[in-house]
Amino acid sequence: MNKFTFVVTPDAAGFVRQEPKEKTQINLDAFCARLTLEYTELFRSSPDYNYSAQHTTPEALARKMTLGLYNGIANKDGEGIKRTCKHFKIAHTYKAIRAFFGEK
């Protein structure tokens with residue numbers, strides 16, 4: 001199974017174009033936006049996020065973690081990701097998160 005979900009279409013010259021499925025991009029963007037809000041709050045209120053707050057922004061960390069989850073290389077156990085999963089009413093598992101992103 002392909003690690004990514006893409007719509008593959010040949011163009012007039014026979015080249016193959018690959019574009020992310022629309023649902024995948026919408027859900028990735030929504031997850032990242034919510035995770036940014038959660039990290040913003042955690043940076044302010046949680047001592048566990050002091051190091052991150054000193055070295056990155058909530059937006060940058062959310063983007064990095066969302067793409068890491070999509071690619072199967074990020075740890076899902078942080079409080080921000082737990083809260084984001086709860087917000088979207090998805091199980092806090094890699095399988096459920098990837099399904100939300102449009103992966104099977």
Practice task
Could you grab the pairs with beta carbons closer than 6 Å, sequence gap of 6+ or different chains, first residue in region 31-57 and more than 18 Å from residue 77 (Cβ to Cβ), second one of a type outside the set (Gly, Ala, Ser) and exposed (fewer than 15 other Cβ atoms within 10 Å of the Cβ)?
Solution key: 36/59
Fill in the blank from the handout: Filtering region 55-67 for residues that are surrounded by fewer than 14 Cβ atoms within 10 Å (Cβ to Cβ) and either in contact with a helix residue (DSSP H, G or I) (Cβ under 7 Å, 6 or more places away or on another chain) or modelled with pLDDT under 95 (or both) leaves a count of 1
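For region 81-104: of the residues being of a type in the set (Lys, Arg) and assigned to a loop (DSSP other than H, G, I, E, B), which is farthest from residue 32 (Cα to Cα)? Show your work before the answer.
Initially, region 81-104 is screened for residues of a type in the set (Lys, Arg), giving 82-83, 86, 89, 95, 98, 104.
Keeping just the survivors that are assigned to a loop (DSSP other than H, G, I, E, B) gives 89, 104.
Numbers: 89: 15, 104: 20 Å.
Top of the filtered list is 104.
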Exercise for the section: Could you list all residues from region 51-72 that are part of a helix (DSSP H, G or I), closer than 23 Å to residue 93 by Cβ and not polar (S, T, N, Q)? Expected result: 61, 62, 63, 64, 65, 67, 68, 69, 70
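The values are calculated or read from the model by the stated rules, or taken from the named source; none is laboratory data. Everything quoted here is computed from the prediction, not taken from an experiment. Note that we place each Cβ from the backbone using ideal geometry, even for glycine, and neighbour counts take in every protein chain shown.
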